[in-house]
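Notes for the one structure printed next.
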């Protein structure tokens with residue numbers, strides 16, 4: 001990964017996290033309710049950015065690109081997909097970090113960098 | 001001043017019809033420049049097969065998509081009346097000075113009848129009242145023929161007699177002439193409405209022309225035989241341009257929907273229940289019959305005045321009635337829960353209960369995108385019943401698409417409370433898919449169709465380019481869910497099914 005990609009990764013992952021929490025709450029209340037067009041627009045934007053970062057190798061499902069507005073995805077559909085994306089992003093992150101002095105650091109252009117990152121969650125090759 | 005009987009100068013000063021016309025009167029009533037363009041554009045289109053449309057509205061004839069929600073007026077039907085009435089009280093309570101002035105105009109025109117009667121011209125007063133008692137151009141009421149009858153000489157005389165028999169009216173006239181319902185037998189709500197419409201007909205002509213220009217509705221040269229002239233206080237004939245009912249070849253007048261109610265704010269039932277029984281009727285005393293009650297009212301007009309004043313004070317509760325009322329969310333949830341619990345088949349009339357609940361639910365869910373036309377409509381032979389019919393107003397991209405692709409002017413929904421949709425159900429709906437329905441129809445049923453039926457539906461599209469969608473309980477639940485949450489429109493669930501259908505069709 002490049003430094004630019006790491007920056008983009010951190011932004012996208014935190015956005016996905018926020019959306020996952022938000023839609024997850026709605027899903028708990030009404031799992032079969034449709035997500036409105038406004039929310040769907042921004043969910044799709046974040047998913048597209050995630051797709052770019054993940055590439056074909058890390059994408060959760062090859063046939064899924066983004067939500068179609070006319071398919072009227074429900075809150076539970078969206079929560080499920082966001083969960084998958086978060087897991088795949090975590091997998092990508094786990095594969096691109098190294099343990100350094102007392103912490104984990106991003107590996108940038110094949111070398112350990114000085115950008116700290118959190119401990120890997122559970123995915124490690 | 002307002003109460004004073006028949007002051008011609010007062011009417012002329014405040015509310016001649018010309019006050020509401022921006023341009024010169026002749027120019028306003030005869031807007032030929034735009035007529036030529038509009039008529040030329042629509043002449044050929046008028047010939048389209050509107051006759052097959054169930055409960056046709058006048059815009060269906062001209063092929064102009066309008067939803068009742070978007071327009072300011074009540075869309076008239078071509079072959080029957082609109083079941084609403086103009087309530088003069090709504091003009092009185094309106095915050096609009098224009099509406100108030102029109103109410104004043106109605107009241108003054110009506111009080112002028114008393115002025116005539118007192119002057120000894122009772123015959124003329126009766127003649128005006130009889131002519132004012134029916135306004136076929138607006139088409140309000142419950143008539144299936146669009147033609148109403150005027151009141152008779154005796155009833156008209158009973159009304160004009162009020163100006164001499166009741167001292168308060170003789171002195172000051174009416175403020176709310178709908179009080180006559182409480183004073184004279186057989187003077188019903190449709191008379192109140194028609195008299196009010198006739199006295200402001202000049203305004204309605206201008207309003208109709210304005211609305212027709214706005215929505216490109218063609219208007220034609222016509223003669224109004226019964227137009228009330230506010231200047232001379234007489235009915236005259238006027239040549240003008242108005243939309244024409246293609247069935248009866250008579251002119252149509254449009255009326256703002258904000259003036260319409262199912263029953264007038266001041267009405268006999270309300271007077272009896274909310275006023276007479278509470279304030280006048282003694283305990284244990286026998287209820288008076290209608291005639292006695294009206295005689296009592298005439299002899300005790302002060303009580304009527306008190307009732308009217310109470311109604312005036314409660315004016316904020318007086319609202320116009322829409323042509324269609326959506327059921328509230330709680331009621332929609334109750335209906336979907338009832339539907340879900342119903343067994344399939346005909347056990348304990350489950351099929352009738354299913355149809356009843358689904359009709360009410362569906363009509364509300366798809367409103368305002370689809371205006372409800374009719375339930376349980378029979379085919380021409382009378383042998384088969386189509387369950388639900390909606391006007392396709394082309395109000396969304398999906399509805400425009402099915403109009404363009406499948407020539408669907410009205411949408412038919414067939415309700416099937418069956419365990420499994422079968423080929424025979426598809427064929428039954430397929431038989432309806434002609435004329436106004438084009439090649440598009442919807443089956444509403446309990447469970448998703450089996451694979452073989454889905455294949456049959458796809459084959460039908462492949463062979464005849466007919467589109468049949470199947471909505472099941474899950475779709476109805478989702479429609480109800482979004483109806484409650486307002487996150488999406490329920491009609492989008494039908495669009496979703498349509499997209500799924502098109503994806504399944506061979507490319």
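The values are calculated or read from the model by the stated rules, or taken from the named source; none is laboratory data. Predicted model, so just to flag it, every value in this text is computed and none were measured. Cβ sites come from the backbone with ideal geometry, for glycine too, and all protein chains shown count toward neighbours.
Can you find a residue in region B:85-106 that is assigned to a helix (DSSP H, G or I) and at pLDDT below 90? The answer is no; no qualifying residue exists.
Take the conditions (1) under 27 Å from the mean Cα position of the chain (by Cα); (2) not in a strand (DSSP E or B); residue B:427 misses just one of them, which is (1). Surrounded by 18 or more Cβ atoms within 10 Å (Cβ to Cβ), at pLDDT 90 or above and within 14 Å of residue B:204 (Cβ to Cβ) - does that describe any residue in region B:264-284? No, region B:264-284 contains no residue that is surrounded by 18 or more Cβ atoms within 10 Å (Cβ to Cβ), at pLDDT 90 or above and within 14 Å of residue B:204 (Cβ to Cβ). Does any residue of region B:283-297 turn out to be in contact (Cβ under 8 Å) with a residue 24 or more places away in the chain and in contact with a strand residue (DSSP E or B) (Cβ under 7 Å, 6 or more places away or on another chain)? No.
Once region A:24-43 is narrowed to residues that are within 14 Å of residue A:67 (Cα to Cα) and more than 9 Å from chain B (Cβ to nearest Cβ), the residue that is surrounded by the fewest Cβ atoms within 10 Å (Cβ to Cβ) is A:38. For region B:45-65, the tally of residues that are assigned to a loop (DSSP other than H, G, I, E, B), out of contact with any helix residue (DSSP H, G or I) (no Cβ under 8 Å at 6 or more places or on another chain) and either more than 17 Å from residue B:374 (Cβ to Cβ) or modelled with pLDDT under 70 (or both) stands at 1.
The set of residues from region A:62-89 being part of a helix (DSSP H, G or I), within 14 Å of another protein chain (Cβ to nearest Cβ), crowded, with 17+ Cβ neighbours inside 10 Å and touching a helix residue (DSSP H, G or I) at 6+ places or on another chain (Cβ under 7 Å) comprises A:69, A:75, A:76, A:78. Scanning region A:96-115 for residues being in contact with a strand residue (DSSP E or B) (Cβ under 7 Å, 6 or more places away or on another chain) and not in a strand (DSSP E or B) gives a total of 3. Scanning region B:493-506 for residues that are at the interface with another protein chain (Cβ under 7 Å from one of its Cβ atoms) and without any contact (Cβ under 8 Å) to a residue 24 or more places away in the chain, we see that the one that is nearest to the chain's Cα centre (by Cα) is B:493.
Within region A:9-23, the set of residues being away from every other protein chain (no Cβ under 14 Å) and buried (at least 16 other Cβ atoms within 10 Å of the Cβ) comprises A:9, A:12, A:13, A:15, A:16, A:19, A:20. Residues that are crowded, with 23+ Cβ neighbours inside 10 Å, closer than 27 Å to residue B:424 by Cα and within 14 Å of chain A (Cβ to nearest Cβ) within region B:457-492 comprise B:476, B:479, listed in sequence order.
Checking the stated criteria, residue A:6 turns out not to satisfy the condition of being within 12 Å of another protein chain (Cβ to nearest Cβ), under 28 Å from residue A:120 (Cα atoms) and either surrounded by 12 or more Cβ atoms within 10 Å (Cβ to Cβ) or in contact with a helix residue (DSSP H, G or I) (Cβ under 8 Å, 6 or more places away or on another chain) (or both). The single residue among B:389, B:411, B:443, B:402 that is buried (at least 18 other Cβ atoms within 10 Å of the Cβ), over 27 Å from the mean Cα position of the chain (by Cα) and in contact (Cβ under 8 Å) with a residue 12 or more places away in the chain turns out to be B:443. For the condition within 14 Å of chain B (Cβ to nearest Cβ), touching a strand residue (DSSP E or B) at 6+ places or on another chain (Cβ under 8 Å), in contact (Cβ under 8 Å) with a residue 12 or more places away in the chain and not in a strand (DSSP E or B), residue A:120 does not qualify.
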